[in-house]
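Remarks on the structure that follows.
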Amino acid sequence: MEYLIIIVSAVFINNIVLSQFLGICPFLGVSNKVGTAMGMAAAVCFVIVLSTLVTYLLQYYVLVPFGIEFMQTITFILVIAALVQIVEIVLKKISPALYQALGIFLPLITTNCCVLGLAIMVVTKEFTFGGTAPHMLNLAESLVFSLSSAVGFGLALVLFAGIREQLELVGVPKAFKGVPIALITAGILAMAFMGFSGLVK
């Protein structure tokens, strides 16, 4: 039951983009086309899950035992940067078209606050499930939480990209074209996701 609560909460209620406002840069920058958005969502999902696994193990088996928790942020950034390099190399070999479409936003995953924010959140935040006492997530719960958050990021990104594609076909007033209508749409989408609040206690 706890895993179901984690999934519903991370995807819908505490959506990493629309509720916690992490990862706004790729959310606005790569959401012009659904195909590109799906590719970005898959890349971010892969990096988030892998980085959570590696950073969790580093935190509890290296940083905490040696009393060097103050190295947490720089260590996590280095891990994420290395993982992004791996994703970049793999995408360049497997799908050059997607690699070209993602462009500058692929290296930007390295500095995406969504990835780093989740890695830090997993090892520092206490979570409450169904009125139980707050506790730190174990490794399995951490991976489920990070995967669910990544799915929530992907869902928001693809929905936003679909809406933006439709907006190109309608007569948007000149003053609202481009970024203004994108921000208004993002705000409305965030309000729609607020409707899920209270679904899980």
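Assign one of three labels to the stretch 75-117, namely rounded, prolate or oblate, based on the Cα gyration tensor with a ≥ b ≥ c the square roots of its eigenvalues; rounded applies when a/c is under 1.5, prolate when it is not and a/b is larger than b/c, and oblate otherwise. Here the stretch 75-117 falls in the oblate category.
Axis angle, to the nearest 10 degrees, between helix 113-124 and the longest C-alpha principal axis of the chain: 30 degrees.
Axis angle, to the nearest 10 degrees, between helix 139-167 and the longest C-alpha principal axis of the chain: 10 degrees. Summary value for the chain: 42 percent relative contact order, contacts being C-alpha pairs under 8 angstrom separated by 6+ residues. Placing R0 at 30 angstrom, the Cβ-Cβ distance between TYR60 and SER95 gives a FRET efficiency of 0.30 after rounding to 0.05. Against the empirical curve 2.2 N^0.38 Å, the C-alpha radius of gyration of the stretch 84-201 lands at a ratio of 1.35.
Over the Cα atoms of the stretch 111-162, the radius of gyration divided by the Kirkwood radius equals 1.05; this is the Rg/Rh ratio. For the chain, the longest principal axis of the C-alpha atoms and the axis of helix 72-94 are separated by about 50°. Where only DSSP H runs of four or more residues are counted, the chain gives -20500 deg cm²/dmol as its mean residue ellipticity at 222 nm, each run worth -39500 (n - 2.57).
Does the stretch 1-88 come out rounded, prolate or oblate, given a ≥ b ≥ c as the square roots of the eigenvalues of its C-alpha gyration tensor, rounded meaning a/c under 1.5 and, failing that, prolate meaning a/b above b/c? Here the stretch 1-88 falls in the oblate category.
Solvent exposure of the chain, expressed per residue, is 51 Å² of accessible area, with all protein chains present and a 1.4 angstrom probe. Peptides 173-184, 117-128, 50-61 ranked from most to least packed give 50-61, 117-128, 173-184, packing being the mean of other C-beta atoms within 10 angstrom over each peptide's residues.
The values are calculated or read from the model by the stated rules, or taken from the named source; none is laboratory data. Predicted, not measured: the structure shown is a model, and the values here were computed from it. Backbone-built Cβ (ideal geometry, glycine too); neighbour counts: all protein chains shown. What goes into the accessible areas is simple: the full protein's heavy atoms, side chains included, and nothing from ligands, DNA or RNA. Shrake-Rupley method; radii C 1.70, N 1.55, O 1.52, S 1.80 Å.
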